[in-house]
């Protein structure tokens, strides 16, 4: 059973970061495979939703491949442990302004464009930024040093249930940089590009039971 928990299935939405997510999982001792077909998805015991690109394009791929209902069922009914990364985090939500599209609806949240505060802050938000841990959780460990992750995004998650937020980040205004609802985790940053902090997070996810 312990080895079973090391098997990680990555939803392949043909986005640029699938390879780097796969390599990071291997680096920390996980056993990653790509979900290419509905059959692959049905067999998945732990799922990563990576994502680089547009919300509407990604949702269209999920629908075209026939993944939507099975994905919702596995995460909601079967309690399969999952991690959404960047766009993958946003896809778990109700709706996004990016393309005016409904998401998977597993997290009661809306995805909105980052407020540049009249051009004061550059959009997209690119680069390293610190996070504030709001709730003790099993994937982002507290540390005596500042915890930093690498971000690339123009949109961010606005949870309707504030208790889902486990971390926030300040870029102009404070936004939700990580959430958790039971078995479902989401992070707005890219752990696969975040060196030791990202490696710790991915290792913790791989070891979740």
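Structure summary
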quantity	calculated
Peptides ranked, highest mean first, by Cβ atoms within 10 Å: ranges 201-209, 29-37, 44-52	44-52, 201-209, 29-37
Computed label-point distance, nm, for sites residue 158 and residue 77 using a 7 Å Cα→Cβ extension	3.3 nm
Given [x] 1, 7, 17, 22, 22, 17, 9, 3, 1, 0, 0; [y] 1, 6, 12, 13, 11, 10, 8, 8, 7, 7, 6, 5, 3, 2, 1, 0; [z] 1, 7, 13, 19, 22, 18, 12, 6, 2, 0, 0, 0, the label whose value is P(r) over Cα pairs in 5 Å bins from 0, in percent derived from this model	[x]
Pairwise label distance in nanometres, residue 60 with residue 113, each label 7 Å out on the Cα-Cβ vector	2.0 nm
Anisotropy class of region 1-84 from Cα gyration tensor, a/c 1.5 cut	oblate
Spin-label proximity, residue 182 to region 69-106 - amide N less than 14 Å from point 7 Å beyond Cα toward beta carbon	72-82, 106
Estimated distance in nm for a label pair at residue 174 and residue 45, the labels positioned 7 Å out from Cα along Cα-to-Cβ	3.9 nm
Length released on extending from residue 138 to residue 120, taking residue separation times 0.36 nm less the Cα-Cα span	3.0 nm
Difference of contour (0.36 nm per residue) and Cα-Cα distance, residue 31 to residue 128	32.1 nm
DSSP beta bridge pairing in the chain, given as percent antiparallel to the nearest 5	60 percent
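Laboratory data are not the source of any read-out in this text; all were calculated from the coordinates shown. Just so it is clear, the structure is predicted and the values come from calculations on it, not from any experiment. Every residue, glycine among them, receives a Cβ derived from its backbone with ideal geometry; neighbour counts consider all protein chains shown.
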